């Protein structure tokens, strides 16, 4: 059936006049973690598309300046503070942590570059990397759904335990200890608002 402009107008009129009722609106709810996991049958990430690459730096303002110039960005991205969240508190190597970091995200056509500067000396994956390896690539990140519904356990079973886990009000992350096997840490990110 071809939908003509006249049909669209009549359909809109029918909805607006009440002749065709709309479904009831549901109350707005706070985003929540996925109830089921999208853990793939093959491999360990559901999407073969990287979200971002995370780079640990000592001075985020200086690093941001260099990256903005290198990429030719017109707008200088803001620095945000990753301070943990009561809903998803930070844990580092199985222990509570008050670790914080300054973050900058720069959007490219195919992925983001994330700059990370640890704040203070609280133990964290960021601080450990900076102290033992210096500045450089810390992780590569992938989106997942249902992190707490199988991902963390399956990664641990495969020999990649979660080194650091935390989040924010509408999402969570986990740095999986894949460095020895892959040469880089893998970050799993779940955004509760992402469909």
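Of all residues in region 55-77, one or more are surrounded by 14 or more Cβ atoms within 10 Å (Cβ to Cβ), in contact with a strand residue (DSSP E or B) (Cβ under 7 Å, 6 or more places away or on another chain) and closer than 21 Å to residue 161 by Cβ. Across region 132-156, the number of residues qualifying as without any contact (Cβ under 8 Å) to a residue 60 or more places away in the chain and either within 19 Å of residue 91 (Cα to Cα) or surrounded by 19 or more Cβ atoms within 10 Å (Cβ to Cβ) (or both) comes to 3. Restricting attention to region 174-195, the residues that are part of a strand (DSSP E or B) and under 13 Å from residue 87 (Cβ atoms) total 1. Just one of (1) part of a helix (DSSP H, G or I); (2) surrounded by fewer than 21 Cβ atoms within 10 Å (Cβ to Cβ); (3) more than 15 Å from the chain's Cα centre (by Cα); (4) in contact (Cβ under 8 Å) with a residue 40 or more places away in the chain fails for residue 129. It is (2). Residues that are in a strand (DSSP E or B) and at pLDDT below 95 within region 143-165 comprise just one, 143.
Filtering region 67-86 to residues that are part of a loop (DSSP other than H, G, I, E, B), modelled with pLDDT of 95 or more and closer than 22 Å to residue 100 by Cβ leaves 76, 77, 78, 79. Annotation: residue 120 fulfils all but one of (1) over 14 Å from the mean Cα position of the chain (by Cα); (2) over 24 Å from residue 169 (Cβ atoms); (3) surrounded by fewer than 16 Cβ atoms within 10 Å (Cβ to Cβ); the unmet one is (2).
The values are calculated or read from the model by the stated rules, or taken from the named source; none is laboratory data. Model, not experiment: these values are computed from the prediction. Methodologically, a virtual Cβ is constructed for each residue, glycine included, from the backbone with ideal geometry; neighbour enumeration extends over all protein chains shown.
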